[in-house]
Every structure is written in structure tokens, then in C-alpha cells.
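Structure, as C-alpha cells:
Every number in this text was worked out from the coordinates using simple rules, so none of it is lab data. All figures in this text were calculated on a predicted structure; none of them were measured in a lab. Here the Cβ is made from the backbone with ideal geometry for all residues, glycine too, and neighbour counts use every protein chain on show.
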Amino acid sequence: MSGGTTRRLARCHNIDDLRRAAKRRLPYPVFDFLDGGAEDERTLRRNRTGFDRYLLAPRMLRDVSQIDTATTVLGAPSALPLIVAPTGLPALFHHSGEDALVPAAAGHGTIFTTSNMASRSIEEVAALSEGPKWFQLYLWKDRAIIEDFVARCRSAGYDALCVTVDLPITGNRERDLRNRLSFPVRPTLGGLADILRKPGWLWNFKTRRAPLPANLAGHVSSTDMGELSRFTQDQLSQAMTWDTAAWLREIWPGKLAIKGVLRADDAKRAVAAGFDGIVVSNHGGRQLDQAPAAIEVLEEIVAAVEGRAEVILDGGVRRGTDVLKALALGATACMAGRPFLYGLAAGGREGVERAFEILAGEIRRDMMLAGCPNLASLDPGLLRRAD
């Protein structure tokens, strides 16, 4: 990594700084693919503004000389209450992709979630570190694909499956439509000029291994990205039901989480179906616009499951105080995806490390300022409703 990258990252003091650095490094269609949401992007914005509904009322004169951020999530130890969320094709944003993300997560003692659409295969990701790993599972039409992924995760030693259920069809992501984004990336005339101004990204994109969904190898004869994209769209199922969830519980003996829940009644059904974890998520605002922010429905979902499953918040986490608020409302941990992709785009492995440093530092500092020496002290009494 060059000294220039190190100096540039040192000037990034929060996740928004990393976002701006990523924007400078990426062609705008690629940045918009990373950064954007569906339709009017109201849900995308609510994921951030929803945290403003709560304030932190700090407790004074508490011994905070030792701050303990360690926890256990679905049986896996984590040094932070923060899980790396599944994100598709990270090698599109920086050629290192999972090669940077996975070791960084392990180095900070946190759980990494491998995407269905990862740039590296299930087995390749497993070999990148000895840290705890989950696998994001889509509900494909062809159950043979699901069975293949489940078997491979068992063989590779994954700790849990995280079943994403909010993707019967791809959301209407209008930034991508306006940019005429396609895979592989084929810029418009206007976009070409922008790409030429990002020579670092262009050089790596042209000279490194193409960012492809590695886990689909063997299920699709072609390695053409256009063909792979069409296959993925064709395989998204609109007919999956809670019976499918029960079947997954039968074929996977390990921990099982469901991702995409925004309603208390669905959370109760998930518990009844045997899920160990509920990931409260709107897919980063990329699916149904006008959906609530995860933080806005977290409290009612925690109440609904009554401790029978762990609850994880996914969506909008950019600050340590966001994590404190979620845990005070009853979440076991939070997931975050874009913060680490911003870091990846800004500076590869070093950028991902910077994202971890920022968030881990904020969590510890904010716990100290709030008078909370450990995660158990983050309870509802810490919160006040904003006017």
C-alpha cells in the first residue's frame, strides 16, 4: 500500500469521510451501485435518520476504566457487537475484495458474512481466515442450488446460515437505471470520461480477475457476467413460503438466522420455524422503498420474540452511538456492510482496517462517555425519546 493511501486514510476520521474517499476513487456508476437505494431512496435515508429518534442519557461516576465490547452472537465469539454484513461482488469496488475484508474482520475479532454473490467462493472465503463466518443464503427456485450451498458450508466449517428473505425480485434501483449499469461494466459515453479520470480503478478492473459471483460456478456453464446476471434474476423465487423455512431447518443442523424481517408477527413465525436469530433489515434500503428503518421496528421485534431468538439490527449503522442505541433497545449486535465497502474502495485492506478502527474506537469511546463499561449495561434506561 502506498504512503499516499496511508496519508489519505489518516485524514478519514469517520465513515462519511471514507464514503467521500470512495466516491473520489470509483467511477460514478460503480459508486452509485454501492451507495444507492430503491426508487426515491426514502428508506435508505430513514435508515440513518431513524437513529435520531433516540438520545443517550449518560450515567455519571461509573467506573469506565475498563471497557469490554466482547459478546457472543449465535454461539460465535465476537470482540465487537458488529458483524460484517453480506455484500455482493466487493471486488467490483477494489480488486482485493474478500481478500481484504475477511482477514480484516478476523483481525478485529468479528464475524464475517459471505454473500451469495461473493467474488470468492464459499471455500475460498473459508480459507482466508480462521475467524467465525456466516453464509448468506438466497431462496433460489432450484432447491438443488440451496442444497449444494448448504453442503459446502457444512464442509467448509461455517458457523451459521443467514437466510435472506426480502428478495423475491430485485428492487427498483433507479440510480443504476439512469447510469445504464450493466455487468460487466460497460460505460456510456459520458461515463467513459469519468472512468478515465479514475485510472487506478480502471487499471485493476482491466488487469485483475474479473469480479464474478464465484459461488454460481458449476450451476451456470457460462462465465459471462451478463449470462450470470440473467441466471440470478431467473432464480429469484416468488413462491417461497414459511414451509421453505421449515425445510431449511431440517437440512442445516447449525445456527440459522433470517434476514429481512420488519414485522413482529413475522419475527414470531420465524421463532416458531426454528430460527435462532432475527436480522431486522430492509436490505439497506435497496428493496421496498417506503419501508421503515430497522431501528424504528427493532423494539417491537425484540418484545415479540421474548428472548427465544437473538435479534440483530442491520441498516444505517455509521456511528458507534448507532450501535449503542440498538443494543440498548435489545439487539444482540449490529450488522454493517457499506462502511466496510467504503473503506475497501478508498484503500483496499488498509481502508477496511480504517473502517474497523473508526467504528471500534467510537463504540469504546461512546460506552465510556455513556457510563457503560460493558454491553450488558446498555439497557433501555440509557435511552430517551427525542422530541
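Remark: the stretch 244-257, residue by residue, has Karplus-estimated 3J(HN,Hα) of 5, 4, 5, 5, 4, 4, 6, 9, 10, x, x, 5, 9, 10 Hz, where x stands for each Gly or Pro and the curve is 6.51 cos²θ - 1.76 cosθ + 1.60 at θ = phi - 60°. Stretching the chain fully between ARG385 and ALA70 yields a gain of 110.7 nm (0.36 nm per residue, less the alpha carbon separation). At an R0 of 51 angstrom, the distance between the Cβ atoms of ASP63 and ARG209 translates into a FRET efficiency of 0.50. For LYS325, the lysines whose Cα falls under 22 Å of its own Cα, not counting residues fewer than eight places away in the same chain, are LYS259.
When each of the peptides 258-270, 80-92 is scored by the mean number of other C-beta atoms lying within 10 Å of its residues, the order from highest to lowest reads 80-92, 258-270.
Once the piece of chain linking ARG152 and ARG263 is laid out straight, how much longer is it, given 0.36 nm per residue of separation minus the C-alpha distance between them?
In short, 36.8 nm is gained.
On a per residue basis, the convex hull of the C-alpha atoms belonging to the chain measures out at 136 Å³. As a proxy for reagent exposure, ranking HIS219, HIS283, HIS94 by other Cβ atoms within 10 Å from fewest up yields HIS219, HIS283, HIS94. Relative contact order, whole percent, for the stretch 1-141 stands at 16, derived from Cα pairs under 8 Å and 6 or more residues apart.
When you restrict to C-alpha pairs under 8 Å that are six or more residues apart and normalise by the size of the chain, the relative contact order lands at 29 percent.
For ALA303 and SER229, the FRET efficiency from 1/(1 + (r/R0)^6), where r spans their Cβ atoms and R0 equals 51 Å, is about 0.80.
Over the stretch 270-387, the reciprocal of the mean inverse Cα-Cα separation, the Kirkwood hydrodynamic radius, stands at 15.3 Å. Protection proxy ranking of 8-19, 37-48, by the mean of other Cβ atoms within 10 Å over each peptide's residues and highest first, is 37-48, 8-19. What the Cβ-Cβ distance of ARG42 and TRP242 gives, at R0 = 35 Å and to the nearest 0.05, is a FRET efficiency of 0.75. For the stretch 111-126 versus the stretch 318-376, the spacing of their alpha-carbon centroids is 22 Å.
Among the listed pairs LYS133/LYS206; LYS133/LYS198; LYS141/LYS255, a Cα-Cα separation exceeding 25 Å is found for LYS133/LYS206; LYS133/LYS198. Debye-formula intensities of the stretch 34-94, expressed as log10 I(q)/I(0) at q = 0.29 Å⁻¹, are -1.11 (one equal scatterer per alpha-carbon, no solvent).
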